[in-house]
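See structure below.
The values are calculated or read from the model by the stated rules, or taken from the named source; none is laboratory data. What you are looking at is a predicted structure, and each value in this text was computed from that prediction instead of being measured. Virtual Cβ from ideal backbone geometry, glycine too; neighbours counted across all protein chains shown.
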Amino acid sequence: NAGVMQNPRHLVRRRGQEARLRCSPMKGHSHVYWYRQLPEEGLKFMVYLQKENIIDESGMPKERFSAEFPKEGPSILRIQQVVRGDSAAYFCASSPPIALDNEQFFGPGTRLTVL
Amino acid sequence: AQSVTQLDSHVSVSEGTPVLLRCNYSSSYSPSLFWYVQHPNKGLQLLLKYTSAATLVKGINGFEAEFKKSETSFHLTKPSAHMSDAAEYFCVVSEASGGYQKVTFGIGTKLQVIP
């Protein structure tokens, strides 16, 4: 059973471009969570999605950021018109519909660098 | 509301000496608690988890943690540090909230191991 997969692992964008980060949850997992880790900080919750639904986006910046988890395919975190402050590691986690032990399983992360 | 406090942002130990990384939490309900390790530019690896079973939890690489409800603590220990233990460690609390798992990360403790 493959773990949570994220791609790309590293992404470089210039200011004003768009960044698309992908997350494929573990097989059988229908819940996806996105976190951001700024340099020298811990992980901060951004958004929680189930298939085709955003459940909690309380951690998402109000502008330029959006997330989706379509019926088919990976979850996408999209950042429009990136700025240098968006440079961070973005982690995705997944969990099954009924999560034993409340555990989330983390992907390897995507490191976004904005030039 | 839940929160996690990692009491030390940096810990430095000599190789072969004990490791103690401190974590205190607050939670409205019975939480699950986790310790993750992150090596530089790598993803998160689960070290161990507490899920209301045994209060002394053994994890990978010789680490263990004890859940102390009266002290609201979940400190991570290892009897003898190894050079490969140098990394950043995150204490995490998770509890069911609004029908899903709410996860909160501590800010992290960087462990330095001196030869």
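Within the stretch B:9-29, being modelled with pLDDT under 95 and in a loop (DSSP other than H, G, I, E, B) holds for B:S9, B:S27, B:S28, B:Y29. Residues in the stretch B:76-115 that are within 11 Å of the chain's Cα centre (by Cα), buried (at least 19 other Cβ atoms within 10 Å of the Cβ) and more than 14 Å from every other protein chain (Cβ to nearest Cβ): B:L76 only. Of the numbered criteria (1) under 20 Å from A:F105 (Cα atoms); (2) within 14 Å of chain A (Cβ to nearest Cβ); (3) not in a strand (DSSP E or B), the one B:K49 fails is (3). Applying the condition of being facing chain B (nearest Cβ under 8 Å) and modelled with pLDDT under 95 to the stretch A:34-47 and asking which residue is nearest to A:S95 (Cα to Cα) yields A:F45.
Yes or no: B:K49 over 29 Å from A:L112 (Cα atoms), buried (at least 16 other Cβ atoms within 10 Å of the Cβ) and of a type in the set (K, R)? Give the derivation first.
Details: over 29 Å from A:L112 (Cα atoms): yes; buried (at least 16 other Cβ atoms within 10 Å of the Cβ): yes; of a type in the set (K, R): yes.
So B:K49 fits the description; yes.
Out of all the residues in the stretch B:52-73, which are within 14 Å of chain A (Cβ to nearest Cβ), in contact (Cβ under 8 Å) with a residue 12 or more places away in the chain and buried (at least 20 other Cβ atoms within 10 Å of the Cβ)?
Step one: of the stretch B:52-73, the residues within 14 Å of chain A (Cβ to nearest Cβ) are B:52-54, B:57, B:59, B:67.
Okay, now just the ones that are also in contact (Cβ under 8 Å) with a residue 12 or more places away in the chain, so B:52, B:59, B:67.
Correct list: B:F67 only.
Those residues that are surrounded by fewer than 17 Cβ atoms within 10 Å (Cβ to Cβ), within 14 Å of another protein chain (Cβ to nearest Cβ) and not small (G, A, S), I need them from the stretch A:49-66; list them, please.
First pass over the stretch A:49-66, keeping only residues surrounded by fewer than 17 Cβ atoms within 10 Å (Cβ to Cβ): A:50-55, A:58-59, A:61-64, A:66.
Subset that is within 14 Å of another protein chain (Cβ to nearest Cβ): A:50-51, A:53-55, A:58-59.
Residues satisfying the conditions are A:Q50, A:K51, A:N53, A:I54, A:I55.
Among the residues of the stretch A:90-115, count how many are surrounded by 21 or more Cβ atoms within 10 Å (Cβ to Cβ) and within 12 Å of chain B (Cβ to nearest Cβ). Residues in the stretch A:90-115 being surrounded by 21 or more Cβ atoms within 10 Å (Cβ to Cβ) and within 12 Å of chain B (Cβ to nearest Cβ): 12 in total.
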